[in-house]
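The values are calculated or read from the model by the stated rules, or taken from the named source; none is laboratory data. Model, not experiment: these values are computed from the prediction. Please note: Cβ atoms are built from the backbone with ideal geometry, for glycine as well, and neighbour counts cover all protein chains shown. Accessible surface areas use protein heavy atoms only, side chains included; no ligands, DNA or RNA. Shrake-Rupley method; radii C 1.70, N 1.55, O 1.52, S 1.80 Å.
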Amino acid sequence: MKHLSERLLVVGFVSSTFLIAVLFFILPHHRFSELENRYLQTAPQLTWDNLISKKFAEETESFITDHFPFRDKWLWVKSTSEQARLQQENNGIYQGKDGYLFEKFLEPDYKKVQRYAESVNQFASNHPTVKMTFMLAPTSIGIYPERLPWLAPSYSQKKVNQFIEETMQNDLNFMNGINILEQHATEPIYYRTDHHWTTFGAYLAYVAYAEQQGWQPFSLKDFSIKTVSNSFLGSYHTRSQFTGLTPDTIQTYTPLNPVHTEMYIADTDQTVTSMYDESFLAKKDQYSYFLGGVHALMKLTTALNPQQIAQEKLLVIKDSYAHNVLPFLTNHVPEIHVIDLRFYNGDIGVYLSENDIRDVLFLFNTATFVEDAALLKLN
């Protein structure tokens, strides 16, 4: 009897392994995961360079992991079982109070942070005739640390922002997003399930920047505020797969006296007539409703009346926190150039000269700043 059970166990294990292997090869391999909102690993290329550098082995492991049969179902099972054990952290995401999810934020490598800040300093020094502003926005964990689970490890984004502010030189204006947002902490300035600020949070950032520039910002009563989605489960939900969450809402702020903006996307050599892509409201990545997602280079052209123009041109160097801020800026600037350094590899200095740009806004969130070396491309 004992031998029979052992044989059945071996046969079951071998059969399951064989079945999984067969399913891996016959099931379609998708390029993009709607559930995880990311591109999946493509099939690795077998070359001598990849073998020697171990890139082939690493990509093979990622390829198998990303295309494991019924991966989405296994992720749901994992998350559900961990919630049943009252676990409040999954895949680097905490389940906090008041329905908020938070991304784990630990002490960064300050040597790297200093290098990134000094790269911005060098860029500003290289272009003394260009007015530059750097706005650094905290993520929700920087404003609501008290909403984290009990004893959850976390590092103060306020300290990080202060360090970056002290490292930045006088060649540019530094705007600490914590100072902008803290006084509005009781208001809905962040999505609960996503890492971005809400349109209201973006509005507060716009007002602060406009006042810093000497513009007259629009008041809330100058906008028609419309809810375009009540079903947004954002990037934190995507990574954690926590269940039983209340979805976020997405709003747009349309001026009562609207202006027409065309958006040229250099990546695809395409011009669209709206800064909003409604097709994303039917997808997992609903935040890409703003600007149609991430692009390396864009140009926003707005037909403003002369009395509305606060300045002629602006270059925004940014991460995705800028996506719901830019529509506000188009009410003051008829020509806005937008560069995402993570995907743009051109010479920024040359771009400034060729387009005769005299104003630059850097807009990043703290979590992106401390981890992304793309700022080193500036120089």
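Rank GLY244, HIS295, ASN230 by how far each Cα sits towards the positive end of the charge dipole of the range 223-379 (+1 on Lys, Arg Cβ; -1 on Asp, Glu Cβ) and give me just the farthest.
Ranked along the dipole, the leading option is GLY244.
Below 8 Å between Cα atoms, with a sequence gap of 6+, how large is the relative contact order for the range 248-379 in percent?
RCO, the range 248-379: 23 percent.
So if I restrict to the alpha-carbon atoms in the range 225-379, what is the Rg, and what is Dmax, the biggest pairwise distance, in Å?
16.5, 52
If r is the Cβ-Cβ distance from TYR110 to SER219 and R0 is 51 Å, what FRET efficiency results, to the nearest 0.05?
After rounding to 0.05, the efficiency reads 0.80.
Share of the range 197-253's accessible area from carbon and sulfur, percent, 1.4 Å?
So the carbon and sulfur contribution to the accessible surface is 48 percent.
Show the residues, 5+ positions off or on another chain, whose built amide H is closer than 5 Å to the amide H of SER229.
Amide H to amide H, under 5 Å and 5 or more residues apart or across chains, SER229 pairs with ILE250.
Report the accessible area of MET275, computed with a 1.4 Å probe over the heavy atoms of all protein chains in place, in Å² rounded to the nearest 10.
Here the residue's solvent-accessible area equals roughly 20 Å².
Over the C-alpha atoms of the range 84-145, what are the Rg and the largest Cα-to-Cα span, Dmax, in Å?
Looking at the range 84-145, its Cα Rg and Dmax stand at 17.8, 59 Å.
Quick one: which of LYS104/LYS159; LYS104/LYS318; LYS131/LYS318; LYS112/LYS158; LYS112/LYS159; LYS111/LYS284 span more than 27 angstrom between C-alpha atoms?
Pairs exceeding 27 Å: LYS111/LYS284.
What whole number of Å gives the distance from the Cα centroid of the range 189-221 to the Cα centroid of the range 110-183?
17 Å
Please give the peptides 124-130, 259-265, 204-210 ranked by average Cβ packing (other Cβ atoms within 10 Å per residue), highest first, as a rough proxy for protection.
The densest-packed peptide leads the list: 204-210, 259-265, 124-130.
Leaving out ligands, DNA and RNA, what percent of the accessible area of the range 331-379 is carbon and sulfur, probe 1.4 Å?
Within the range 331-379, the accessible surface is 44 percent carbon and sulfur.
Expressed as a whole percent, how much of the Cα-Cα distance distribution for the range 198-311 exceeds 15 Å?
Roughly 73 percent, once rounded to a whole number.
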